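**Q** Below: one structure in structure tokens.
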Amino acid sequence: MTAANPVFVALDTTEPDSAAALARTLTGKVGGLKVGLEYFTANGPAGLSAIQDFGLPLFIDLKLHDIPNTVAAAMRSVTRLGVSITTLHASGGAEMIRAAADAATETAAKYNVIRPQVIAVTILTSLDQAAAEAVGFSGAVNDQVRRLARLAQENGADGIVCSPLEIAAVRAECGPDFTLVVPGIRPAWSETGDQKRFLTPAEARDTGADVLVIGRPITTAADPAAAAARILDELGLS
Ligand SMILES: O=c1ccn([C@@H]2O[C@H](COP(=O)(O)O)[C@@H](O)[C@H]2O)c(=O)[nH]1
């Protein structure tokens, strides 16, 4: 039996037609679709209609970060969209994470919709050690990510976003059932761009990532379907 495809493609565009075209061409080659701030601020919830008929789980990466009351209210709205995964920032604190997780649970039950996995972003993969220190994360990034992962887990988050470099530390801290969503994925043949903490798809998967978030190596390739197929091949899933 073929293992489940862990690749969620990041459809970072403002255009529903472009997102739908990519989703169409990548169906069968990716395990899920992710849209984030770029898409959601341009199109709102209505924009999801362009990508929800491909039979693939949807991940809305909103990285909520505000006071608990505000984030809980936003999480109620996100939950009603019926998506599989959504995000908030772990640095919003224990009370904020707990309020969001509870809001997702209550809203899913009330409207009989799928409860999204509530996933806490630890330290953005675009930050290297120096940049993380400059925003106040003192000490090794690895240790700070592990600390935030524990905070998220203790307050009801289903998992975290971390870079591939922290997977082993977080697994050791949080156990096998905590979902690790991992961007900062760069095949050896792709450009790194603004990602500072990255590994290849196979390295990240083999270290224990559950979800591999991959955008530009696929979406800006001359042939996105071929790029996705090449990644699947490297993962031994083709
Ligand atoms: O720490 C984080 C959190 C989220 N992301 C998101 O993942 C994708 C990565 O896209 P690439 O084109 O493969 O770099 C993008 O949507 C980010 O918003 C992240 O990269 N790092």
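Read-outs throughout are calculated quantities, based only on the coordinates presented, and are distinct from any laboratory measurement. Note that the coordinates shown come from a computational prediction; the quantities given were computed from them, not determined experimentally. All Cβ positions, glycine included, derive from the backbone under ideal geometry; neighbour counts span all protein chains shown.
**Q** Count, please, the residues in segment 1-20 that happen to be away from the ligand (no atom under 12 Å from the Cβ), assigned to a loop (DSSP other than H, G, I, E, B) and not hydroxyl-bearing (Ser, Thr, Tyr).
**A** 6
**Q** So which residues in segment 138-180 are more than 14 Å from the chain's Cα centre (by Cα) and of a type in the set (S, T, N, Q)?
**A** SER138, ASN142, GLN144, GLN153, ASN155, listed by residue number.
**Q** Select from segment 190-238 the residues that are polar (S, T, N, Q) and within 11 Å of the ligand (Cβ to nearest atom) and write down the one among them that is nearest to the chain's Cα centre (by Cα). It would help to see each step written out before you state the result.
**A** Looking only at segment 190-238, we keep the residues that are polar (S, T, N, Q), and these are 190, 192, 195, 200, 207, 219-220, 238.
Filter once more, keeping what is within 11 Å of the ligand (Cβ to nearest atom): 190, 192, 195, 219-220.
Details: SER190: 20, THR192: 18, GLN195: 14, THR219: 16, THR220: 19 Å.
Here the residue is GLN195.
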